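Undergrad: Take this structure first; my questions come after.
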C-alpha cells in the first residue's frame, strides 16, 4: 500500500504520516471518524502509531464496523475494555515498551482522575511521565511514530493552569521538537479556541470540519491567516455536512481541497446512542491479540527500566547494605561502641571550647564597653575645659590624634536564654547554626557561586544584622571565599557542612521547580511554567502573566523579579523573558 486513501476524492502520500495534523470540528461532525480512518490507513501501510484517549472511545478499533468480526489486532492498555490494566505511575514504563517493541496501541486514560492523568503523561516530581520518556527514548534510527491526541485541548490547553504547566511543556515537545526523532501527531478537538496556539500554528495540515462557534472559527481563521490562505473558506465551515472537511496543507502536501471522509471500517465505539434503539456497545468479536507476548514484553521492559532507575538502584543498594550489616553484627557493635566513645570525647572537648570562646567574647564585649565609657568621659571633659579636639567650633589640631569610637559588639546569648538559635555564637569545632547551615547549603547547591543577595534568596532570609554576622563568621572561618561579586563555598566549608541535598539538573530541575514540592510560590511556578513553555523562544512578560492566569499587579512584578534573581529566567530585551538553559540540560 503506497497511499493513505482517506476519501473517494483523495489519497495522501505515506509521508503524510510523518507530519502534524489538526482535526478540528464540533461534536458529531465526524472528527473521530476522520482520525480512525487515518489510523486504519496507517496500520494497513505498516506504519507505527499510538492513540492517547482520555475519553475511552478508541477501543472499537479492535472490531469490525458491525461488531461481528475482528478489526485491527492491536493491544489496548487501560480503560474498561483494556487488555492490560495500567497505573498512573506506569507512563514511563509504557513509553519504554512502545519504543523498544515498535508497538501500535491505544492508551485508554478514561478511568483516571484528572490528577492521575497528569501524572501518567507528565510524571510527578523527579519521576518521568509518558511524554518525557517517549521523547527521550525515541530516536531517528527507529521507524517514525504518529501520535493521535484525542480531546487535545486537555493536553495542550491555551489557558495554562498551575497544575498543567509541566503537562503542556512535555506534550508540546513531542509535536514541536519531535520531527528529527521521528515523532509526529494529530491533535483532535471540538474546542479549537482552547487548543494552545503554539501547537495549532505549527501544524502542517489542517482538517477543518463543521464548526459553528465563533471563537472556534476564529482559531481556525488564525491558522489560515498564518499560512497565508484565503480566509473566506472559513465562512463555509458552519454549512459542512457530516464527514465533509477542508483539508489544507499549503507547505507540506501542497493541497487545499474539500473532501468527504470515508466511513471507518472498524467499530464506532464513540458514537452517541440513538433514542428508541437499543445499542450494544460491546462488539461480538475482537481481533486476536497476543496478550501473553505483550505481558511478557511489558514485564521485561519494567524490569529493565527499574534496573536503570536511580531510585531503584538506591533501594537495592540499601538492601545490600542491610544484608552486610546483618552479616557483620558483632563488628558493627564494636565499631558503634568505639564511635560512641569517640563522639563523647569530641563533644566534651567542644563543650569546653565553647565555654572558653564565649567567656573570651564576653570579656571582649566588656572591654569594648569600657573603651566607649572612657571615650565619652574624655569628650565631656573636652567640652567643659575647652581642651581637646571635641570642643565645639574648635579647629582641627593636626598634631592631636583622636581615637574613633569603636562599636560595641552584641554579647552572645548563653544557651537556654530564650534568644534565637540562629544568632548564637558558636566555635567552628561545634558546628553550624541553622542560619549558617542554610547559607552554606545554598552555596553548596550552586558551586558556580552566588551573590550575597542570591544566597539570602535561596536560604529564605531577608537582609538583616544576624545574616550579615553569619556571612562574616563564614568568611572568618574560611568556609566561603569571594570571587568578584560572588561568594563560593570552599573545601573547608563543604567539610563543615557535611551532607546536603543537591539540586537536580536540566529537565529534572525544571520538573522539581514546577512540581508540588517546589520552593517557589504558586504564582512563581505558574509564571515559570508559562516562560518554559515558550522555550527556546522568549516571551513577553504580559503574555506569560496572562497564560499563568494573573492580572498585572505588584505581586506579579515581584514574582518575575525573584525568578530573575534566582537565575531560572533571563532577560531578553525590554519586558521579555526566556527560560534559562540550565532548565533544559544546558549550563
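The values are calculated or read from the model by the stated rules, or taken from the named source; none is laboratory data. This structure is a prediction, so every number in the text was calculated from the model and none was measured. Positions of Cβ are backbone-derived with ideal geometry, glycine not excepted, and every protein chain shown enters the neighbour counts.
Undergrad: Of all residues in the stretch 131-146, how many are closer than 29 Å to residue 517 by Cβ and in contact (Cβ under 8 Å) with a residue 60 or more places away in the chain?
TA: 1
Undergrad: Would you mind finding the one in 514, 547, 527 that is surrounded by 18 or more Cβ atoms within 10 Å (Cβ to Cβ) and at pLDDT below 90?
TA: Among 514, 547, 527, only 514 is surrounded by 18 or more Cβ atoms within 10 Å (Cβ to Cβ) and at pLDDT below 90.
Undergrad: Within the stretch 1-24, which residues are touching a helix residue (DSSP H, G or I) at 6+ places or on another chain (Cβ under 7 Å) and either in a loop (DSSP other than H, G, I, E, B) or surrounded by 21 or more Cβ atoms within 10 Å (Cβ to Cβ) (or both)?
TA: Correct list: 1, 2, 4, 6, 17, 20, 22, 23, 24.
Undergrad: Still on this structure: Any idea which of 64, 89, 69 is under 30 Å from the mean Cα position of the chain (by Cα), more than 22 Å from residue 185 (Cβ to Cβ) and at pLDDT below 95?
TA: Criteria check complete, one pass: 89.
Undergrad: Oh, and also: For the stretch 147-172, enumerate the residues that are under 24 Å from residue 518 (Cα atoms) and outside any helix (DSSP H, G or I).
TA: 155, 156, 157, 158, 159, 160, 161
Undergrad: Let me confirm something: among 493, 573, which residue is surrounded by fewer than 16 Cβ atoms within 10 Å (Cβ to Cβ) and either in the same structural domain as residue 453 (by TED's automatic domain parsing) or out of contact with any strand residue (DSSP E or B) (no Cβ under 7 Å at 6 or more places or on another chain) (or both)?
TA: Testing whether each residue is surrounded by fewer than 16 Cβ atoms within 10 Å (Cβ to Cβ) and either in the same structural domain as residue 453 (by TED's automatic domain parsing) or out of contact with any strand residue (DSSP E or B) (no Cβ under 7 Å at 6 or more places or on another chain) (or both) leaves just 573.
Undergrad: Quickly run through the stretch 82-100 and pick out the residues that are in contact with a strand residue (DSSP E or B) (Cβ under 7 Å, 6 or more places away or on another chain) and in a loop (DSSP other than H, G, I, E, B).
TA: If the condition is that a residue be in contact with a strand residue (DSSP E or B) (Cβ under 7 Å, 6 or more places away or on another chain) and in a loop (DSSP other than H, G, I, E, B), then 82, 83, 86 are the ones that fit.
Undergrad: Further question: Check the stretch 208-220 and report whether any residue there is modelled with pLDDT of 90 or more and either part of a strand (DSSP E or B) or under 30 Å from residue 522 (Cα atoms) (or both).
TA: yes
Undergrad: Suppose we filter the stretch 25-40 for residues that are modelled with pLDDT under 95, assigned to a helix (DSSP H, G or I) and more than 20 Å from residue 81 (Cα to Cα); how many remain?
TA: Looking only at that region, the number is 1.
Undergrad: Being closer than 23 Å to residue 450 by Cα and under 12 Å from the mean Cα position of the chain (by Cα) is true for just one of 558, 508, 488. Which residue is that?
TA: Going through 558, 508, 488 in turn, the sole match is 508.
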